[in-house]
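Scroll down for the structure; my scribbles are underneath it.
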Amino acid sequence: MTAPAPRLRTRFTELFGVEHPVIQGGMQWVGRAGLVAAVAESGALGFLTALTQPTPEDLVKEILRTRDLTDQPFGVNLTILPTINPPPYAEYRQAIIESGVRIVETAGSMPAEHLEVFRPAGVKVIHKCTSVRHALKAEALGVDAVSIDGFECAGHPGEDDIPGLVLIPRATRALSIPVVASGGFADARGLVAALALGADGVNMGTRFLCTEEAPVHRRIKEQIVAATEHDTELIFRPLRNTARVARNAVSQEVVRRLDAGAEFAEVRELVAGVRGRSVYENGDPEAGIWSVGMCQGLIDDIPTVDALVSRIVAEAVDLIAGRLASAIS
Ligand SMILES: Cc1cc2nc3c(=O)[nH]c(=O)nc-3n(C[C@H](O)[C@H](O)[C@H](O)COP(=O)(O)O)c2cc1C
C-alpha cells in the first residue's frame, strides 16, 4: 500500500474544509460549473462567478450543475462593481443562500450589506481586496478571511501598485484572520513563498484560466503559454479603476485614448463585455479586452486542473522538505 501524498495544512484548509491551500478565484465568463467542479474534485476551492450568469435563476441552475459534477465544497464569487445600473445583487445573494452554498468570495466594494445577510445564514465570506487598509476594514466587519491581490494580478489591482512581496507580509502582520495571497501565483515556488510570507494559501486566476477545463478557446490558452510577463496592459488608470488585461491592439488603443484625455464614453465600445466574451468563445486574442496577469510569464503548459493542483502541492512539499530544509546548517 502506498502512503497518502503529504498535504499542506493551514488555517485556510481547516476553516473551509478543503484539502489544499489553493483557490480558483472568480473569473468573469470563465468561472462556470465544469471548471469549478474540477477544482473542487482536485481538493482546491473553486468559485463560480455569479455575474457570469445572466440572472439569479441561471446562477441557481449553474450551482445545481456544479453539484451534479462534484460533492466537494465550492463557493460563489460576488463581484460588487460601482456601476450606474447595478445587477440585482440582493437576488444573486439570495440565490446563493437558498441553493445551500456556504462559501462566498466577495470582491470590489466593501461587502457590509451582504455580510449582514450572509453571516446569519451560515455563509463563510472571503473578501478579496487590494490594500491592507481595506483588508483591516473587512476584518472589522467580520469576514472570515481576506484574499489580497498584489499589483501583479489579473483584473483589478487597485491604485496603490504594491507588489505581493511587500503587500502580503504587510497584511499578514496586521490581520488576525487567515490571509490568502493573490496575484502572480502560478506554481509551487509561489505557494511556498506565500506561506513563508505568512499567508494561509494562494488564489490563482490566470493559472486556472490556462487549464484543460477552463471554458475558453484553446487558442487563448496557447496565447497565454506563448506570452511573457511583459505582455499585459494597465487600462483605466486615469479613471482610477485600473485593470490588468492582455496587451493587444484594443487595450493599447484604450490606454492611448484615455492618456490623451478621452472620457469613458469614448472607449466604451472598445471595452464592451460582449467583445471580451467573444475572445474566449472564438479564440481571437485581438477581439477585445480580456483579463490576464503577469504570471503568464511563468506558464508553459495547459494541464488538467487535477494535474496542476497535484503538481503544485507535491512540488511545494518537496521544496519545503528538500531544498529549504537542507539549507539549514
Ligand atoms: C479571466 C479573468 C477574469 C476575472 N474576473 C474576475 C471577476 O469577475 N471577479 C473577481 O473578483 N476577480 C476576477 N478576476 C481576478 C481573479 O479572481 C484573481 O483575483 C486574479 O486573477 C489573481 O491574479 P493572477 O491572475 O495573477 O492569479 C479575474 C481574473 C481573470 C484571469
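Nothing in this text is a laboratory measurement; each read-out follows from the coordinates by a stated rule. Note that the structure is predicted; figures quoted are calculated from it, not measured. Cβ: placed from backbone, ideal geometry, glycine included. Neighbour counts: every protein chain shown.
Miscellaneous remarks
- Summary of the geometry: the range 1-77 and the range 108-181, compared by the centres of their Cα atoms, lie 19 Å apart.
- As a proxy for reagent exposure, ranking 204, 294, 110, 27 by other Cβ atoms within 10 Å from fewest up yields 110, 294, 27, 204.
- Each label point was placed 7 Å from the Cα along the Cα-to-Cβ direction; for residue 328 and residue 241 their separation is 5.0 nm.
- The helix-only estimate of mean residue ellipticity at 222 nm for the chain, built from DSSP H runs of length n ≥ 4 each weighted as -39500 (n - 2.57), is -11000 deg cm²/dmol after division by the residue total.
- Reach of residue 61 by Cα under 20 Å, taken over aspartates and glutamates that are not fewer than 8 positions away in the same chain: 41, 71, 91, 98, 105, 213
- Cα→Cβ-extended label distance, 7 Å offset, between residue 259 and residue 165, nm: 2.6 nm
- Placing +1 on the Cβ of every Lys and Arg and -1 on the Cβ of every Asp and Glu, with nothing else charged, gives the range 76-221 a dipole about its Cα centre of roughly 220 debye.
- Antiparallel DSSP beta bridges within the chain, percent to nearest 5: 15 percent
- Using the Cβ-Cβ distance between residue 69 and residue 98 with R0 set to 30 Å, the FRET efficiency works out to roughly 0.90.
- The chain: most fluctuating residue of 178, 157, 88 per GNM, C-alpha cutoff 10 Å: 88
- For 236, 264, 185, the sequence from fewest to most other C-beta atoms within 10 Å is 264, 236, 185.
- Structure remark: mean-square fluctuation, Gaussian network model of the chain, C-alpha springs under 10 Å; the largest value among 207, 311, 240 belongs to 240.
- Cα centroid of the range 281-312 to Cα centroid of the range 236-263, whole Å: 22 Å
- Among 213, 233, 116, residue whose mean-square fluctuation peaks in a GNM of the chain (springs only between Cα atoms under 10 Å): 116
- Rounded to the nearest 20, the size of the Cβ-charge dipole of the range 177-329 about its Cα centre is 320 debye, with Lys and Arg at +1 and Asp and Glu at -1.
- The chain, dipole about Cα centre (Lys/Arg Cβ +1, Asp/Glu Cβ -1), debye to the nearest 20: 560 debye
- Extending 7 Å from Cα along the Cβ direction at residue 310 and again at residue 252 yields two label points whose distance is 4.2 nm.
- Cα gyration tensor of the range 191-329 - equivalent ellipsoid semi-axes, whole Å, descending: 34, 19, 11
- Relative contact order (%) - criterion: Cα under 8 Å, at least six apart; region: the range 114-161: 34 percent
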